[in-house]
Amino acid sequence: MDLNDAPSNLENSLKRRRGRRNLKHNDDSDSVHSDMAGRRSSLSVSQRPSSSGAPYTGASSSSYIVNPLLQADDENFILTEHSGIQLQVENSGGNARELTRSMTADIIGSTRPSIHDWDKRTDSASDSDLPVEEESHVHSNLPISSINQLPNELLTLIFFFGSQLPHFDLRYPLSSVPSFKSPTFVEIVMKTCRRWRQLIAHTPSLWTNVLISRSRSDLDRLPSIADFEKPMGSITSALQRSSNLLLDITIDFTHISSKTAIRQLSAESERWRSLSIFVQTSQNLPAVLSHLKDIRAPELQTLEITAHKFHDGDFPHTSPHAFLKSSPHLSTVRLNRVSLRWGASPLRGLTTLELRFIIWPSHTDFQTLFTNSPELQNLKLHFDTHAFTRLDRNNGNFTMTRPLIKIPCLRTLELRFIYHDSSSTYNVILLLQLFSLPALEELTFKDFGTAEWCRSLVYFRYYAKSFPKLTRLILERVKDIIYVDSSLVRAFPHLTSLHLIGVYSSAFCRLLCGARTQDLGSAGLASSPYNEVEVWPALEELVIEQDQGGKIELVAEAVLARKQTGRSLKTVQLDRSFFDKAEQNGQRDLISWMKQTTELRYI
């Protein structure tokens, strides 16, 4: 800005005095302020750098002031925004610029703009409709909120974790699927302020979690069927803003046209990393899969399919289609309350398979499923009443002539048995005998009752030599007080880690207090060294969670006993309840001793 271009009242407010390099205010400074406030739009706007890649423009201020510039040329002056964010220097030398930087630091240290003043640019057309609070001018003496001072990089991390969808675990056959919240986290945050909206809109990683759903109320508000079949703007926006990053897609087809949604997503199918599909019932699945049959997803790693409603053990009216023409990197499949064509190409070469309360296949289909994935390492099988009847054509009467289902590389196995009638029970041994698992390392029992526990111990004790690598046992939510004796040690003789979740742990601690225990299953009942068995000589880790009746003194007794026998527990992990009880009972010294004796960790 040249001095000659300044208004007359501004010229009158500046006095040229040779020999003095200073600018002074006169009595007309108030008129200078009001005049210059009206000329803000003619000043250039500075660009705020951000390593997140989101552009930000300088903020406008409530007024401009004329600051005295020492040792500057008489012909020069500086205009500074009252907020301290923007400085503009005309015809100034190096000294002036250096002083400007120091002045900027002083101004920013005393006055900061409102969060709504960070950006004056107008976003793209897709953002123009978003309601944003009207810009307000905050007095410079007001304190600055801490969140307004967070750098863009930290805000990006916060928004990224906030945009993650919670993991859904179908615990029971009749459990309802939690509804997806609308609007999404990202949509809510974008409406908070201009700075956040700009940051989210220009950060592709915040758009890689694509949630596609429609509530029943939104469906009822659609004017016609034609609107139901129109492309969804949320899909288009997410695909554009995610740039070229891989996508994690979750789509609920309950109130959405599967044909339209899949057609939109198929344009970027080479970027699919995970695909989670929700359908109303298993009968709706074939129609959805028919639109995926020609899709190529070269980067797809995880596929999950869930039905909202339970199937009651009935087969769908239409056999599910083959789907996904090509998915070479697909390694993880989770199926909840649905059925598939078990020999379909996507179900090949898997390393992780989770089957929860599915419409169970025949023994032949079951064997084909595992034969097509010889490198399978992780398996979760959640059985219900219908699963036992479907595994055999004769209403659950298993035959011993069936060929074994061999899974040579399986490392972890999780088993759950849920009965629709609490009084019913099935012989789990016949189910366990279906598999050959020579490489099994970790076994998890969930929601077991006393009957299943006793039968499982009988099976694993008899076939203990068939599981030479089984070293980790996890027991979670055992329904009743279970028997803990030599049968447990005989069934799992090579344990190095014992993990108890929601289990009566005192019985296990008492077992660990002795180096040996009497083998009640041996031929002689008299107590003698020949009828005793060593209690897990290789055990190194003990983990206890969610046991309201757990006692810290019993855990300490087990730690001491193991140490005295030369088989110390290297790690003991306990949840907060143990330490809270110790504090209440004045057992701090016991906790301190355990910390000195073993590696004690909080869960």
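The values are calculated or read from the model by the stated rules, or taken from the named source; none is laboratory data. All values derive from a computational prediction rather than experimental measurement. Positions of Cβ are generated from backbone atoms using ideal geometry, with glycine treated the same way; all protein chains shown enter the neighbour counts. The accessibility values were calculated without ligands, DNA or RNA, using every heavy atom of the protein model including side chains. Shrake-Rupley method; radii C 1.70, N 1.55, O 1.52, S 1.80 Å.
So if R0 is 30 Å, what FRET efficiency would Asp480 and Thr597 give, r being the distance between their Cβ atoms, rounded to the nearest 0.05? Write out the running numbers ahead of the final one.
On the way: r = 33 Å, r/R0 = 1.09.
E between Asp480 and Thr597, to the nearest 0.05, is 0.35.
Using mean Cβ contacts within 10 Å as the protection proxy, how do 495-506, 577-588 order, highest first? Walk me through the numbers on the way to the answer.
Working: 495-506: 19.9, 577-588: 14.2.
Ranked by mean Cβ neighbours within 10 Å, highest first: 495-506, 577-588.
Excluding ligands, DNA and RNA, what is the solvent-accessible area per residue of region 560-603 at a probe of 1.4 Å, expressed in Å²? Before the final figure, lay out the partial values.
Numbers: 2770 Å² over 44 residues.
For region 560-603, the per-residue accessible area is 63 Å².
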(message) With a 1.4 Å probe and all protein chains left in place, how much of the accessible area of region 147-278 comes from carbon and sulfur atoms, in whole percent?
(response) 57
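What number comes out for accessible area per residue over region 442-506 if the probe is 1.4 Å? Units Å², please. Mind dumping the intermediate values first?
On the way: 2540 Å² over 65 residues.
Per-residue accessible area for region 442-506 comes out at 39 Å².
Would you mind putting 238-244, 190-196 in packing order, based on average other-beta-carbon counts within 10 Å, highest first?
Numbers: 238-244: 16.3, 190-196: 19.4.
Those peptides, ordered most packed to least, come out 190-196, 238-244.
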(request) Using θ = phi - 60° and the Karplus relation 6.51 cos²θ - 1.76 cosθ + 1.60, list the HN-Hα couplings for region 576-581 in order, rounded to whole Hz, with x at every Gly or Pro. (result) 5, 4, 4, 6, 5, 5
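Take Tyr483, Tyr459 and sort them by solvent-accessible surface of the protein heavy atoms, 1.4 Å probe, largest at the top. Write out the running numbers ahead of the final one.
Numbers: Tyr483 140, Tyr459 15 Å².
Output order, biggest surface exposure first: Tyr483, Tyr459.
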(request) Have a look at His499, Ile603, Gly566 and report the one farthest towards the positive end of the charge dipole of region 493-603, computed about the Cα centre with Cβ charges (Lys/Arg +1, Asp/Glu -1). (result) Gly566
